[in-house]
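The values are calculated or read from the model by the stated rules, or taken from the named source; none is laboratory data. Since this is a predicted model, take the numbers as computed values, not measurements. Every residue, glycine as well, gets a Cβ built from its backbone with ideal geometry; the counts of neighbours run over all protein chains shown. For the accessible areas, the whole protein counts, side chains as well, though only heavy atoms, and no ligand, DNA or RNA atoms are used. Shrake-Rupley method; radii C 1.70, N 1.55, O 1.52, S 1.80 Å.
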Amino acid sequence: GDSVTQTEGLVTLTKGLPVMLNCTYQTTYSPFLFWYVQHLNEAPKLLLKSSTDNKRTEHQGFYATLHKSSSSFHLQKSSVQLSDSALYFCALSPSSNTNKVVFGTGTRLQVLP
Amino acid sequence: DPKIIQKPKYLVAVTGSEKILICEQYLGHNAMYWYRQSAKKPLEFMFSYSYQKLMDNQTASSRFQPQSSKKNHLDLQITALKPDDSATYFCASSQDWGNTGQLYFGEGSKLTVL
């Protein structure tokens with residue numbers, strides 16, 4: 001079946017440092033990949049999405065590149081801010097006759113002053 | 001203003017009882033969903049609806065019954081509640097079903113079963 005793996009449960013960084021949150025996936029289809037961000041006591045919101053191989057997509061200082069050869073869609077930012085502290089979910093939508101978005105377990109990013 | 005309204009925001013129930021979680025979306029979307037988030041599991045897909053028709057059901061238990069009285073409503077009835085049902089239940093919507101577009105989430109209903 002389709003699955004998403006996020007290896008880090010918690011990432012703690014000092015503000016101003018770069019960050020990379022890992023995401024790998026498994027699917028037999030040509031998928032859409034997403035990053036959602038959930039701040040404390042809020043709803044998850046879309047941060048990035050991509051279906052194009054080897055093309056970087058950016059939003060709000062975050063960026064990610066879908067690499068189909070390695071089934072990866074890692075999220076990066078060059079300089080984290082305190083307001084980036086949140087739970088980040090990588091998600092997969094198989095390009096098939098379903099709209100069942102599969103989420104990873106999430107990575108909590110904690111940015112310290 | 002929230003475009004997807006979920007009620008109640010918090011609820012506590014006793015084992016064996018029944019609860020209904022309410023969801024209304026004002027985005028003009030045609031597809032709606034329920035997801036569950038617990039301490040042990042990520043956002044877990046439960047149901048998807050398109051134009052009030054059930055499209056996907058990933059919930060093994062018949063104790064969970066979605067109900068759609070209007071295109072912009074998708075309630076979730078949970079019967080014979082168990083402590084393991086304790087979770088935050090998120091309603092979501094998208095413009096259409098099957099177009100792999102963006103999901104918009106409500107703020108969730110946090111259910112605690114004692």
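Give, as residue ranges, the strands (runs of 3 or more DSSP E) completely inside chain A that count at least 2 residues that are of a type outside the set (A, V, I, L, M, F, W, C) and in contact with a strand residue (DSSP E or B) (Cβ under 9 Å, 6 or more places away or on another chain).
Details: elements: A:3-5, A:10-14, A:19-21, A:24-26, A:32-38, A:45-50, A:56-59, A:62-65, A:75-77, A:86-93, A:107-112.
Of the strands (runs of 3 or more DSSP E) lying wholly inside chain A, those with at least 2 residues that are of a type outside the set (A, V, I, L, M, F, W, C) and in contact with a strand residue (DSSP E or B) (Cβ under 9 Å, 6 or more places away or on another chain) span A:3-5, A:10-14, A:24-26, A:32-38, A:45-50, A:56-59, A:62-65, A:75-77, A:86-93, A:107-112.
Could you say which residue among B:Tyr89, B:Tyr49, B:Tyr35 is buried (at least 16 other Cβ atoms within 10 Å of the Cβ) and touching a Lys or Arg at 6+ places or on another chain (Cβ under 7 Å)? Quick ask: steps written out before the conclusion?
Working: B:Tyr49 fails: touching a Lys or Arg at 6+ places or on another chain (Cβ under 7 Å); B:Tyr35 fails: touching a Lys or Arg at 6+ places or on another chain (Cβ under 7 Å).
That would be B:Tyr89, the only listed residue that is buried (at least 16 other Cβ atoms within 10 Å of the Cβ) and touching a Lys or Arg at 6+ places or on another chain (Cβ under 7 Å).
Could you please find all residues in region B:81-114 being touching a residue at least 24 places away in the same chain (Cβ under 8 Å) and assigned to a loop (DSSP other than H, G, I, E, B)?
Correct list: B:Leu81, B:Lys82, B:Ser86, B:Gln95, B:Asp96, B:Trp97, B:Gly98, B:Leu103, B:Gly106, B:Glu107, B:Gly108, B:Leu114.
B:Thr59 fails exactly one of the following numbered conditions: (1) hydroxyl-bearing (Ser, Thr, Tyr); (2) out of contact with any Leu (no Cβ under 6 Å at 6 or more places or on another chain); (3) in a strand (DSSP E or B); (4) crowded, with 17+ Cβ neighbours inside 10 Å. What is the number of that condition?
With (1) hydroxyl-bearing (Ser, Thr, Tyr); (2) out of contact with any Leu (no Cβ under 6 Å at 6 or more places or on another chain); (3) in a strand (DSSP E or B); (4) crowded, with 17+ Cβ neighbours inside 10 Å applied to B:Thr59, the lone miss is (3).
Out of A:Phe103, A:Phe73, report the one residue that is facing chain B (nearest Cβ under 10 Å) and surrounded by 18 or more Cβ atoms within 10 Å (Cβ to Cβ). Before the answer, list the steps.
Details: A:Phe73 fails: facing chain B (nearest Cβ under 10 Å).
One residue alone meets the criteria, A:Phe103.
Please enumerate the residues belonging to region A:51-64 that are under 14 Å from A:Phe32 (Cα atoms) and buried (at least 18 other Cβ atoms within 10 Å of the Cβ). First the steps, then the outcome.
Filtering region A:51-64 for residues under 14 Å from A:Phe32 (Cα atoms) gives A:51-57, A:64.
Once the filter is applied, which keeps residues that are under 14 Å from A:Phe32 (Cα atoms) and buried (at least 18 other Cβ atoms within 10 Å of the Cβ), region A:51-64 yields A:Thr57, A:Ala64.
From the list B:Leu103, B:Leu111, B:Leu43, pick out the single residue that is among the aliphatic types (A, V, I, L, M), open to solvent by less than 20 Å² (accessible area, probe 1.4 Å) and farther than 17 Å from A:Phe89 by Cβ. It would help to see each step written out before you state the result.
Working: B:Leu103 fails: farther than 17 Å from A:Phe89 by Cβ; B:Leu43 fails: farther than 17 Å from A:Phe89 by Cβ.
Result: B:Leu111 is the single residue among B:Leu103, B:Leu111, B:Leu43 that is among the aliphatic types (A, V, I, L, M), open to solvent by less than 20 Å² (accessible area, probe 1.4 Å) and farther than 17 Å from A:Phe89 by Cβ.
Restricting to region B:62-80, what's the tally of residues that are open to solvent by 10 Å² or more (accessible area, probe 1.4 Å) and part of a loop (DSSP other than H, G, I, E, B)?
Selection size over region B:62-80: 9.
What number of residues within region B:3-35 are not in a strand (DSSP E or B) and not aliphatic (A, V, I, L, M)? Spell out the reasoning first.
Taking region B:3-35 first, the residues not in a strand (DSSP E or B) are B:3, B:8-9, B:14-18, B:26-30.
This time we only want the ones that are not aliphatic (A, V, I, L, M), so: B:3, B:8-9, B:15-18, B:26, B:28-30.
Of the residues in region B:3-35, 11 are not in a strand (DSSP E or B) and not aliphatic (A, V, I, L, M).
All but one of (1) aliphatic (A, V, I, L, M); (2) out of contact with any Gly (no Cβ under 8 Å at 6 or more places or on another chain); (3) within 14 Å of another protein chain (Cβ to nearest Cβ) hold for A:Ala43; which doesn't?
The number of the failed condition is (2).
Mind checking whether some residue in region B:45-60 is in contact (Cβ under 8 Å) with a residue 12 or more places away in the chain, of a type in the set (Gly, Ala, Ser) and within 25 Å of B:Asp84 (Cα to Cα)?
Yes; the residues of region B:45-60 include at least one that is in contact (Cβ under 8 Å) with a residue 12 or more places away in the chain, of a type in the set (Gly, Ala, Ser) and within 25 Å of B:Asp84 (Cα to Cα).
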